[in-house]
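For reference, the structure discussed in these notes is given below.
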Amino acid sequence: MVDVLIIGSGGAGLTAALSAKGSGASVLVAGKSYPTNSQTSMAQGGINAALGNVSEDHISSHIADTIKSAHGLCDEAMVRQMCADAPKTIEWLEHLGVPFSRITPSSTLTAQHSTLSIAQRQMGGASAKRACYAQDYTGLKILHTLYDTCLKENIDFMDEHYLLNLITKDGVAKGATFLDIRTGEVKQIDAKSVILATGGYGSLYHGFTTNAYGSTGDGVAAVLRAGGAVSDMEFIQFHPTALKHSSILISESARGEGGYLVNSEGERFVDELKPRDEVARAIFKELQENKEVFLDVRHLGEEKLMELLPQEIALCKLHEHVDPAKELIPIKPVAHYTMGGIDVDYALEVTGIKGCFAVGECSNAKVHGANRLGGNSLLEITAFGRFAGENAYKHSIYASSKPADDTQLQKDKAHLESIYAQESSVNFYEQREALGKLFYQNVGIVRHNDTLTKALDEVIAMQVLSNKIGIEDKSPTNNTNLIDFLEFSNALLLAPTVISSAIARDESRGAHFKVGFEEENEDFKKHIVLQWKKETE
């Protein structure tokens with residue numbers, strides 16, 4: 001039995017692993033892919049901390065910007081903790097070896113306590129240049145550094161293991177079951193504490209998201225099945241600037257460095273550094289009026305672009321066949337980040353499941369509210385990742401060392417056998433495409449109660465079809481067809497929670513904008529929490 005089982009090997013999981021191991025716990029990290037393939041690597045622009053290196057800034061300003069961006073739908077105590085921890089989190093990351101971009105010491109402001117010569121840029125919704133960055137590879141550099149450090153600390157990894165279900169006994173987490181993707185074996189891992197760091201559910205918008213295909217909310221779905229709670233599922237952030245044809249992210253850093261947004265008539269139509277929800281709706285309005293929208297960075301010059309935004313330049317050339325130094329970049333807003341997720345308390349412990357903690361995009365720690373402030377996602381996974389690791393270790397000290405029985409293991413084995421045996425008369429890949437399009441059109445940037453209701457009806461119809469959906473590949477080993485099916489099943493399970501929450505929220509707040517209810521309503525300044533009662537054994 002391991003002290004702390006961490007499910008998910010992205011930035012949040014790796015940070016939690018280092019924290020728990022440093023506290024004295026035995027740690028195992030299980031992930032469905034490899035750590036370097038996680039969504040953290042897609043966070044390009046920067047990580048927020050009020051260092052005051054290149055402009056006057058204070059922790060109080062960071063807190064105020066976060067609360068404003070969240071439209072009040074956040075827990076101020078959690079926001080204060082995250083923002084106050086930011087400077088020492090940056091110091092910790094630098095100590096590990098994250099290669100942040102630098103400024104010369106002579107140009108560093110002396111008004112703040114910081115002695116770090118880290119460069120900072122401005123992101124949307126921020127009142128100062130606050131985002132520490134490593135060119136436009138910030139998340140990737142952080143992720144690789146965390147992984148290297150985990151290897152140095154001899155932390156155990158179990159890669160290519162797909163989470164099936166949590167194991168609970170009397171409302172207490174006892175471990176989890178996994179499918180070993182390489183061998184096809186179903187495994188049970190017993191643990192005194194469990195940390196979920198499995199990422200968000202942005203791939204509900206399949207084909208219209210910056211997220212990888214695997215961001216299907218596997219951990220969120222597992223919590224629901226185990227009797228835990230989810231909250232704020234209706235709040236999905238749409239990033240204003242994804243490439244028009246591929247939906248690949250062009251970082252907010254491109255606008256932070258001075259890029260313009262222009263329509264096909266050459267007009268700038270919005271302040272590019274407003275919060276993401278406002279910019280995304282402004283772009284959506286232009287598109288609804290049959291205008292194209294472009295990101296213009298030509299005026300920055302090729303030398304500056306290659307110094308600050310080399311990845312964006314390469315992505316534009318590869319996927320849109322445009323040279324940003326000379327041409328406009330065609331863009332559109334797409335689903336990017338899920339503010340809602342697993343409901344947790346002040347210790348990041350899952351509501352309804354003791355000894356189970358959640359951190360990162362899968363978790364709703366009440367810091368992002370209705371609209372996440374750009375640059376706060378990398379901060380959350382590192383600042384709160386360390387916090388989750390500490391708390392999971394503390395729980396493990398007093399937790400029972402008696403392993404769980406194999407009831408869940410046998411259920412999951414039987415379920416997989418039934419999937420293999422099921423005939424497939426409906427192509428679930430087509431269903432996945434249809435679900436993504438349905439969500440983008442009906443549960444998107446601008447929402448209507450009638451189209452939300454229509455979307456819910458269509459999702460229910462898809463669920464009814466599930467007994468006709470199976471897999472073509474019957475091989476037990478390295479079966480990606482099976483993994484795709486399991487991921488789609490989780491997406492289909494979570495879809496009604498998003499739509500139902502959106503229907504229930506008759507107001508507009510942050511990323512949730514509803515026609516007919518365009519103003520914020522104090523009656524809805526609350527969290528919508530959903531929880532299923534677990535079936536009795």
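The values are calculated or read from the model by the stated rules, or taken from the named source; none is laboratory data. Model, not experiment: these values are computed from the prediction. Positions of Cβ are backbone-derived with ideal geometry, glycine not excepted, and every protein chain shown enters the neighbour counts.
Some notes on this structure:
- Qualifying residues in the range 174-186 (those that are assigned to a strand (DSSP E or B) and hydrophobic (A, V, I, L, M, F, W, C)) - the one surrounded by the most Cβ atoms within 10 Å (Cβ to Cβ): Ala176
- Taken across the range 187-199, residues that are in contact with a Gly (Cβ under 9 Å, 6 or more places away or on another chain), among the β-branched types (Val, Ile, Thr) and in a loop (DSSP other than H, G, I, E, B) do occur, with at least one present.
- Meets criteria (in the same structural domain as Leu164 (by TED's automatic domain parsing) and in a loop (DSSP other than H, G, I, E, B)) for Ser33: yes
Yes or no, residue by residue, for (1) among the charged types (D, E, K, R); (2) touching a Cys at 6+ places or on another chain (Cβ under 6 Å); (3) buried (at least 19 other Cβ atoms within 10 Å of the Cβ):
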| position | (1), (2), (3) |
| --- | --- |
| Ile381 | no, no, yes |
| Arg386 | yes, no, yes |
| Asn391 | no, no, yes |
| Ser400 | no, no, no |
| Asp406 | yes, no, no |
| Ser418 | no, no, no |
| Ser425 | no, no, no |
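- Flag for Val230 being hydrophobic (A, V, I, L, M, F, W, C), at pLDDT 95 or above and surrounded by fewer than 22 Cβ atoms within 10 Å (Cβ to Cβ): no
- Scanning the range 276-285 turns up no residue that is crowded, with 18+ Cβ neighbours inside 10 Å and assigned to a strand (DSSP E or B).
- Filter result for the condition that a residue is at positive phi and buried (at least 18 other Cβ atoms within 10 Å of the Cβ), over Gly510, Gly470: Gly510
- Residue within the range 381-397 that is assigned to a loop (DSSP other than H, G, I, E, B), over 19 Å from the mean Cα position of the chain (by Cα) and not basic (Lys, Arg) present: no
- Per-region count, the range 439-450, residues in contact with a Lys or Arg (Cβ under 9 Å, 6 or more places away or on another chain) and free of Cβ contacts under 8 Å to residues at least 60 places away in the same chain: 1
- Cβ-Cβ under 7 Å pairs, at least 6 apart or on other chains, the range 402-429 side without any contact (Cβ under 8 Å) to a residue 60 or more places away in the chain and more than 17 Å from Asn479 (Cβ to Cβ), far side outside any loop (DSSP other than H, G, I, E, B) and of a type in the set (Lys, Arg): Ser425/Lys468; Val426/Lys468
- Test: residue in the range 146-166 that is modelled with pLDDT of 95 or more, surrounded by 24 or more Cβ atoms within 10 Å (Cβ to Cβ) and β-branched (Val, Ile, Thr): no
- Residues of the range 319-367 satisfying the condition of being closer than 17 Å to Thr209 by Cβ, outside any strand (DSSP E or B) and in contact with a Cys (Cβ under 7 Å, 6 or more places away or on another chain): none
- Test for Lys454: is it at pLDDT 95 or above and more than 26 Å from the chain's Cα centre (by Cα): yes
- Residues that are more than 16 Å from the chain's Cα centre (by Cα) and over 16 Å from Phe294 (Cβ atoms) number at least 1 in the following strands (runs of 3 or more DSSP E) confined to the range 210-264: 229-231.
- Every condition in (1) in contact with a Gly (Cβ under 9 Å, 6 or more places away or on another chain); (2) touching a residue at least 60 places away in the same chain (Cβ under 8 Å); (3) over 30 Å from Lys274 (Cα atoms) is met by Glu380 except one, and the failing one is (3).
- Count of the range 312-355 residues, restricted to those that are basic (Lys, Arg) and under 17 Å from the mean Cα position of the chain (by Cα), is 0.
- Boolean, Val172 is more than 30 Å from Leu308 (Cβ to Cβ), within 19 Å of the chain's Cα centre (by Cα) and of a type in the set (Val, Ile, Thr): no
- Residue ID - farthest from Met123 (Cα to Cα), chosen from residues in the range 45-74 that are buried (at least 17 other Cβ atoms within 10 Å of the Cβ) and acidic (Asp, Glu): Asp57
- Failed item in (1) closer than 22 Å to Arg121 by Cα; (2) out of contact with any Ser or Thr (no Cβ under 6 Å at 6 or more places or on another chain); (3) aliphatic (A, V, I, L, M), with Leu249 passing the rest: (2)
- Residue within the range 58-75 that is within 30 Å of Glu160 (Cα to Cα), touching a residue at least 60 places away in the same chain (Cβ under 8 Å) and either touching a Pro at 6+ places or on another chain (Cβ under 8 Å) or of a type outside the set (D, E, K, R) (or both) present: no
- Taking the conditions (1) within 23 Å of Gly217 (Cβ to Cβ); (2) part of a helix (DSSP H, G or I); (3) not assigned by TED's automatic domain parsing to the domain that holds Lys394 in turn, Leu73 satisfies each one other than (2).
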